[in-house]
Amino acid sequence: MIMLGLGGISAVLFQAASQFFLKDIDANRSTEYLNETLFSVALAFFLTLRPLRAWFSTLLTLFILGQVAFYLSVNWETSRTTIAPYLALLLKPSLLFIVMWGFANQITTVSEGMKYYIPLTFFSSLIVAPFTFFSFTKTAECARVALIGSMIALALTWIGFRWLSAKLPAERWLDEKSDIEPTAPSYIFRFAYGFGAFALMRALLDPLFRASGDVDPLTIAVGILLLSVGCYFFGQWLLKQTGWFLSVLTPSLIATITIAIFYVFYVAKVWVSAWVTLNEIVLRTLPMMLLYPLLQIGYLSLLKKDRFQTKAWAEIVFAPIVISSAAFILPFILSKFESAERALTYVVPLAIGVAVAMSPILAPLGKRKGLLPQPKAKM
């Protein structure tokens, strides 16, 4: 938990600093997107060439060296505009989380994941939360402090994982059973959709939310905190009572209900701002605090040799494609209407369809042996 928290602190601080230093750099968005896609494919292939156990420590070392190089590059105008953007792409926070959770998945059993992953996500998020204020970095001095803090946090993470790796018995890296079902290639796309669905819903609804007026950031922050606490208790109870599949569908069910109610009140022009605020809270909190740890548990049902390979391809390559599809769908819809409000009839059902599609897409994963509901002991 502490090591994931430290890694999260490093990611948050680095993201805030890199956004500050690169904010004035102009880029061709289509070219940038093509570069990111090609880079993601190459990176996923590179990461899966060897088992994660063999070079996890090396990956964290490369992250630290990369952050040092980024720190040096932003101090010179030429390197800031030529080298720093590529380093930021290589060191993006999501990649660090993928590598760290990949390590956790390699040494965790399904039963342990069912018990600890939701609390692990909750408490590591609490460790990271105080550092999110660096997202509002406005001076170069603050951004440099954030970068130094990021490097220190990542170095402590590296020390912690080195210590943990030395303490772990060799059996932890091996499969417990020999009768685990094989990993189907389609699982990559199923996990990718699971990780990208909520971001896609937010991207589709964002023009409507912005057209409905500003929301109070303090209300959003308090709402996220309260819902996170609710996810901590509700998620563990739900997992014990219903099993993995119904639990992983619950976030999309809640999102479907809140989006549908928002649609009704939006049309009626009643309490629109309140429902926009509620949807913002739901669409930001549920994927991180409930859906994300549940999908990580899904990886634990795979053979250990396949867990990180599946995760790397699903989250580095295909989940971003799912998310970015809104950039192609939404302009086409909005071009047919004068405003986002007039596109409401198409955008809201499309967002609900994205949520509903979670059920058939994730259903084959829910049938895997480790994820089936456990029979309750008779009294």
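Read the figures in this text as sums done on the coordinates, not as results from a lab. Computed from a prediction, not measured in an experiment: that's the story for all the values here. All Cβ positions, glycine included, derive from the backbone under ideal geometry; neighbour counts span all protein chains shown.
Quick notes on this structure:
- The range 100-114 versus the range 283-309: alpha-carbon centroid distance in Å: 9
- Cut-off of 10 Å, at most 16 other beta carbons, DSSP loop: longest stretch of the chain lacking such chymotrypsin sites (Phe, Trp or Tyr not before Pro): 77-270
- Stretching the chain fully between Trp173 and Leu90 yields a gain of 27.1 nm (0.36 nm per residue, less the alpha carbon separation).
- Listed values for the range 220-228 are Karplus-derived 3J(HN,Hα) couplings in whole Hz (6.51 cos²θ - 1.76 cosθ + 1.60, θ = phi - 60°), namely 4, 4, 5, x, 4, 4, 5, 5, 4, and x replaces Gly and Pro.
- Pairwise label distance in nanometres, Ser335 with Ala274, each label 7 Å out on the Cα-Cβ vector: 3.9
- The local environment of Leu283, defined by Cβ-Cβ distances under 13 Å, has a net charge of 0 under the rule Lys, Arg +1 and Asp, Glu -1.
- Hydrodynamic radius of the range 2-173 per Kirkwood, over alpha carbon pairs, in Å: 17.2
- Percentage of interatomic Cα-Cα distances in the range 186-371 larger than 23 Å: 44
- Using the Cα coordinates of the range 41-136, the gyration tensor eigenvalues translate into equivalent-ellipsoid semi-axes of 29, 20, 10 Å, sorted from longest to shortest.
- Were the residues from Phe46 through Lys305 laid out at 0.36 nm apart, the gain over their Cα-Cα distance would be 91.7 nm.
- With contacts taken as Cα pairs under 8 Å at a separation of at least 6 residues, the chain carries a relative contact order of 30 percent.
- Environment charge of Ile98, counting only residues whose C-beta is closer than 9 Å and scoring Lys/Arg +1, Asp/Glu -1: 0
- Order of Ser94, Ser186 under a 10 Å beta carbon neighbour criterion, fewest first: Ser186, Ser94
- Phi to ³J(HN,Hα) by Karplus 6.51 cos²θ - 1.76 cosθ + 1.60 over the range 163-169, Hz, x for Gly, Pro: 5, 5, 4, 5, 7, 6, x
- Exposed loop sites are taken as trypsin sites (Lys or Arg not before Pro) in a DSSP loop (any state but H, G, I, E or B) with at most 15 other beta carbon atoms within 10 Å; the longest stretch of the chain without one runs 24-137.
- Nearest-0.05 FRET efficiency for Lys23 and Leu218, computed from C-beta distance (R0 35 Å): 0.90
- Exposed loop sites here mean GluC sites (Glu not before Pro) with a DSSP loop assignment and at most 15 other beta-carbon atoms within 10 Å; the chain contains its longest site-free run at 1-175.
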